[in-house]
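Throughout, read-outs are computed from the coordinates displayed, never taken from laboratory work. The structure presented is a predicted model; accordingly, all values stated were derived computationally and were not measured. Here the Cβ positions follow ideal geometry from the backbone for every residue, glycine too, while neighbour counts run over all protein chains shown.
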């Protein structure tokens, strides 16, 4: 208890001296900012046999918006000068992180990014987007994540003209007014 009292007295004396001499005290910000993802790809929620859910999206493009805040005792405060780093994992890397088999820090690398962040030509399968905020003091926050699964529809276009029917790999198909290719045999029967 003797040490505790001495320490408190020393701190009080130092603060009094600083105030008396006009010296300033410096406060160092050590609170890491919190990144929050505001929007990302949303599709159909599918319930899996293991009880988990999957965000099934039919597009190979994704755009994310995000911002940063600092959690203060009086409430969160916006961090307008924060910078961001993003990481996108696909396929087995994403699956292993989402399932908890591998730590996020062990795969991929972060790169500077801004909001909105857009990715194109993504492969089918599991995807995981991570973003973390860095404040002006250099404090790096924990990443926020968004996971989804890309399942693209069949890539055959729906033909709308007889020419598209013939040039789209449907050589033996004719054209019906409703925009559908039908076999020549069916066309003859219908006529």
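Okay, here's what the table says:
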| item | result |
| --- | --- |
| Peptide ranges 94-105, 33-44 listed from the most packed, as the mean C-beta count within 10 angstrom indicates | 33-44, 94-105 |
| Pairwise label distance in nanometres, residue 48 with residue 77, each label 7 Å out on the Cα-Cβ vector | 4.1 nm |
| Additional length obtainable on full extension of the chain from residue 29 to residue 58, 0.36 nm per residue less Cα span | 6.1 nm |
| Distance between segment 134-155 and segment 73-94 - C-alpha centres, whole angstrom | 7 Å |
